[in-house]
Amino acid sequence: MKEVLISYKTAKLAKEKGFNERCESGYKYTERVMKNPNQKFAKNSELLNEGCTAPSQGILQKWLREQHNIRVFIENKTSGEFGFIIYTVNPDKTEVIGKPWIRNSFFTLSFKTYFEALEEGLKQGLSLIK
């Protein structure tokens, strides 16, 4: 199964918010630049302003969770539509699970595919980073 890469718009936002991991592909302007899967693309800090790395949606989702305590979940409703929920967790994770540990949450059901919902959820998650 091949992973879905984030869009150019999301990749630019991720770079602005500090995503700086090596990836297998990237963007130069709006054009996707593919690399050999055995090679790693440069980090964002090594690229010129017009370039950015293009991680998979899963890698960016993991980065948001591990580096910023932002969880992006995708919901599939019986209508066949998909939506996302975003939670931000207190960094010390000492509070009891429930409303007190949720600082922000968003939910929408206007996406036809899982990957469309995840892409928008990732953008919204990135927008929470100061």
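Numbers for the structure displayed
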{"item": "Top-ranked residue of the range 27-64 - restricted to ones that are among the aromatic types (Phe, Trp, Tyr) and surrounded by 13 or more Cβ atoms within 10 Å (Cβ to Cβ), ranked as modelled with the highest pLDDT", "result": "TRP63"}
{"item": "Residue match in the range 49-65 (condition: over 15 Å from ILE6 (Cβ atoms) and either aliphatic (A, V, I, L, M) or in contact with a Phe, Trp or Tyr (Cβ under 8 Å, 6 or more places away or on another chain) (or both))", "result": "yes"}
{"item": "First in the range 1-25 and closer than 12 Å to SER45 by Cα, second anywhere and open to solvent by 60 Å² or more (accessible area, probe 1.4 Å) and not in a loop (DSSP other than H, G, I, E, B), Cβ under 6 Å, 6 or more apart", "result": "ASN20/SER45"}
{"item": "Residue within the range 13-26 that is open to solvent by 20 Å² or more (accessible area, probe 1.4 Å) and within 17 Å of LEU118 (Cα to Cα) present", "result": "yes"}
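The values are calculated or read from the model by the stated rules, or taken from the named source; none is laboratory data. Everything numeric in this text was worked out from a predicted model, so none of it was measured. Backbone-built Cβ (ideal geometry, glycine too); neighbour counts: all protein chains shown. Remember, those area values only see protein heavy atoms, side chains included, never the ligands or the DNA or RNA. Shrake-Rupley method; radii C 1.70, N 1.55, O 1.52, S 1.80 Å.
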